[in-house]
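Structure first, then comments.
The values are calculated or read from the model by the stated rules, or taken from the named source; none is laboratory data. Since we're looking at a predicted model, the values are computed, not measured. Virtual Cβ from ideal backbone geometry, glycine too; neighbours counted across all protein chains shown. Note: areas computed on protein heavy atoms with side chains; ligands, DNA, RNA excluded. Shrake-Rupley method; radii C 1.70, N 1.55, O 1.52, S 1.80 Å.
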Amino acid sequence: MITVTSPVAGTVSHIAVSAGDTVAAGAALMHVEVMKMEHRVVAPEAGLVDDVTVAVGDTIEAGALLVTLTPVEVEVNGSLEADTTASPRRDLQRLAERKALLADDARPDAVARRHEQGHRTARENVADLLDDGSFLEYGGLAVAAQRSRRPLEELRAATPADGLITGTGTVNAELFGAQQARVTVAAYDYTVLAGTQGYTNHHKKDRLFRLAHDQRLPLVVFAEGGGGRPGDTDVLAASWLDAEAFHLFARLSGHVPTVAIVNGRCFAGNAALAGCADVLIATEDSNLGMAGPAMIEGGGLGVHASEDIGPIEVQRTNGVVDVVVADEAEAVAEARRYLSYFQGHLDDWSEHAQQPLRTAVPEDRKLVYDPRPILDTVADPGTVFELRRDFGRGMITALARVRGRPLGILANDPNHLGGAIDADGADKAARFLQLCDAHELPVVVLCDTPGFMVGPDAERDAGVRRFSRMFVVGANLRVPLVVIVTRKAYGLGAQAMMGGHLAVPVLTVGWPTSELGPMGLEGAVRLGFRRELEAIDDPVEREEREREMIALAYANAEGLNVASFAEIDDVIDPADTRDHIAAALSTPHRAHAGTRRFIDTW
């Protein structure tokens, strides 16, 4: 005989068998309730029920006799594997039904309208950004806070995820490993209430931004959307100024890399988030502004179409947008590429032939040239990632790799103002140095500047403050700086390019075309020898004497002469530039310590 006793003290709440029944091993015999929880009592082996010694409602002690069995042979499947022929459990079925509402195919009309506009859905963008199978969604079951005005079933169908997809995943894991490749992502869904910022999705952002901060995970935000949502009614609040998302996002600056992707319309709160990001990538049909048409009209500022507010031709030239792309697919590809520079070194690298560098700068010191082929040749092939190309055009800022190592490149462009640093160029350079410093990327400077731009117009642009910003940022860099003087390095502008002076970089070298001095040669001669030149009455003789003085000044300023005073470390064959950069940066850089730095938005 087999005796079955109670494993706990409690009340018999359900009996599944009676005398004469044949049961298999593991079959349920009865339930005993303890503290509102049901304990399942099962047959220890197959048998014939002889007697049930308790009734429903009986209170029993642990060890009390419940059932007696006579062992019998019963042909049963003793496996604990799921019975695939049985109907799905209701709880799992409800979950599957609810999750199905999150998929794009649950709203075919909204998706079709999106595709007709030439745009992708938020979930398509997230899937493209993240490595296959790596997305872990947070808050997908959320709905808009409008239960008091709309049925819950309608909200589930029409406002999936409350219009904001959030979660974690990996980007470039095949190159850097899953741990190093982890990122967080937030994607506003324009097909849900125009991608507006609702009460529930604010909570989702707060959760995600804290996660990014605490786990030091890069963040990518697809920011398309119309800003705040006045239609959420399930909220006990007045001002909504206690929304934490903007503080939490801004707190990520300098702590982890952040990327904003803008496509279509991006206004108000959505634009505020985009403006906080380290880098902002926008499509050519984007509009980006701190208010949309309704808010502008409500403020008494006139009636404007969305297309007239912050179009890309404005935002690309004023420095708001860092990278302009054709469409969302290219934006995602550029975001993946941008993140790679902060994910580590690459062992697999190649290089261009370096001999063309020897003729990259013309022998005629007054002849302009394009510096971008120099960047492309010095860097590993295909690794130059330029930022803000259409803003501050006399200054080039780019991420790149040299022998697999990620770094920043800062270069002057002599095609714009002869390489002189104007106020926009100074702002662009200073912020770029902050970006590299915050995320521990060394910086290579290709210097060719006659100095800061001067004159009444420059002063109207607040040059005194904006130029000086380069000195303040450069003096506080914690990452290594390598300076290559390709041609001109004159005056305060050159010093600012070098972090303050010639000895700040870990290596300061010139090419054979380099020339260095306290100011431009022509200006120095005309200023320093004005009296001597004015004393020559014959204009032809005066001009000839001036040319002689400039030639002497150049001989004094050329890199070979400056190196003879040990003011620079060497003059090198341009074809050896990569070797010198790699050697100068070969010592492991110690990670930052002390106060964390943030990156200016401008």
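The angle between the Cα long axis of helix 90-100 and the longest principal axis of the Cα atoms of the chain comes to about 20 degrees, rounded to the nearest 10. Report note on the peptides 490-496, 511-517, 64-70: ranked by the mean count of other C-beta atoms within 10 Å, highest first, their order is 490-496, 511-517, 64-70.
Accessible area per residue for the chain is 48 Å², calculated with a 1.4 Å probe on protein heavy atoms, without ligands, DNA or RNA. Determine the share of the chain's accessible area contributed by carbon and sulfur atoms, expressed in whole percent, with a 1.4 angstrom probe. That fraction is 54 percent. For region 429-444, the Karplus equation 6.51 cos²θ - 1.76 cosθ + 1.60, evaluated at θ = phi - 60°, returns couplings of 5, 4, 5, 4, 4, 4, 4, 5, 5, 4, 9, 6, 9, x, 10, 10 Hz by residue, with Gly and Pro reported as x. With the biggest extent put first, the Cα atoms of region 1-74 measure 37, 18, 17 Å across the principal axes. With the biggest extent put first, the Cα atoms of the chain measure 133, 59, 41 Å across the principal axes.
Each peptide in 562-569, 287-294 was scored by the mean count of other Cβ atoms within 10 Å over its residues; highest first, the order is 287-294, 562-569.
In the complete set of protein chains, residue-level accessible area for GLU174 is approximately 130 Å², probe 1.4 angstrom. FRET efficiency for the pair LEU236 and GLU440, taken as 1/(1 + (r/R0)^6) with r the Cβ-Cβ distance and R0 = 60 Å, rounds to 0.85. The percentage of C-alpha pairs in region 508-571 whose separation is greater than 14 Å is 59%. Here the convex hull built on the C-alpha positions of region 167-314 has a volume of 127 cubic angstrom per residue. In terms of overall dimensions, the C-alpha atoms belonging to region 68-197 reach 72, 48, 26 Å along their principal axes, ordered largest to smallest. Residues whose amide H falls under 5 Å from that of ILE396, counting only those 5 or more places apart or on a different chain, are ALA411, ASN412, ASP413, with hydrogens built in the peptide plane. Amide H contacts of GLY254 (H built 1.01 Å from N, in plane; Pro and chain starts excluded): ILE599 sit under 5 Å, all sequence-distant by 5 or more or on other chains. For ALA503 and ALA353, the difference between the fully extended length at 0.36 nm per residue and the C-alpha to C-alpha distance is 51.0 nm. If the segment from SER134 to LEU95 were pulled out straight at 0.36 nm per residue, it would be longer than the present Cα-Cα gap by 12.0 nm.
Note on the chain: Lys pairs 8 or more places apart or on different chains, Cα atoms under 26 Å apart, count 5.
What's the angle, to the nearest 10 degrees (0 to 90), between helix 199-215's Cα axis and the longest principal axis of the chain? In the chain, helix 199-215 runs at an angle near 70 degrees to the longest axis. Residues THR168, THR59, sorted by accessible area with the largest first, give THR59, THR168 [1.4 Å probe; ligands and nucleic acids excluded]. Computed 3J(HN,Hα) for region 570-575, one whole-Hz value per residue from the Karplus formula 6.51 cos²θ - 1.76 cosθ + 1.60 where θ = phi - 60°, is 5, 10, 10, 5, x, 5, glycine and proline marked x. Take 270-280, 497-507, 458-468 and order them by the average number of nearby Cβ atoms within 10 Å per residue, most first; the result is 270-280, 497-507, 458-468. Kirkwood radius, region 263-307, all distinct C-alpha pairs, inverse of mean reciprocal distance: 11.1 Å.
Of all DSSP-defined beta bridges confined to the chain, some 55% are antiparallel rather than parallel. Residues in region 346-362 carry Karplus couplings, in order, of 10, 6, 9, 9, 9, 8, 6, 4, 9, 4, x, 5, 5, 10, 5, 9, x Hz; the curve used is 6.51 cos²θ - 1.76 cosθ + 1.60 with θ = phi - 60°, and Gly or Pro positions show x. Distance from the alpha carbon centroid of region 366-437 to that of region 287-331 works out to 26 angstrom. The charge dipole of the chain, taken about its Cα centre with unit charges on the Cβ atoms of Lys, Arg (+1), Asp and Glu (-1) only, comes to about 1380 debye. With a/c under 1.5 counting as rounded, go ahead and sort region 303-355 into rounded, prolate or oblate using the C-alpha gyration tensor (a ≥ b ≥ c being the square roots of the eigenvalues; past the cut-off, prolate if a/b is larger than b/c, else oblate). Since a/c reaches 1.5 and a/b is larger than b/c, the shape of region 303-355 is classed as prolate. Once the Cα atoms are used to define both axes, helix 463-475 deviates from the longest principal axis of the chain by about 70 degrees.
Could you tell me the center-to-center distance, by alpha carbons, between region 245-281 and region 461-504 in angstrom? So the two Cα centres are separated by 28 Å.
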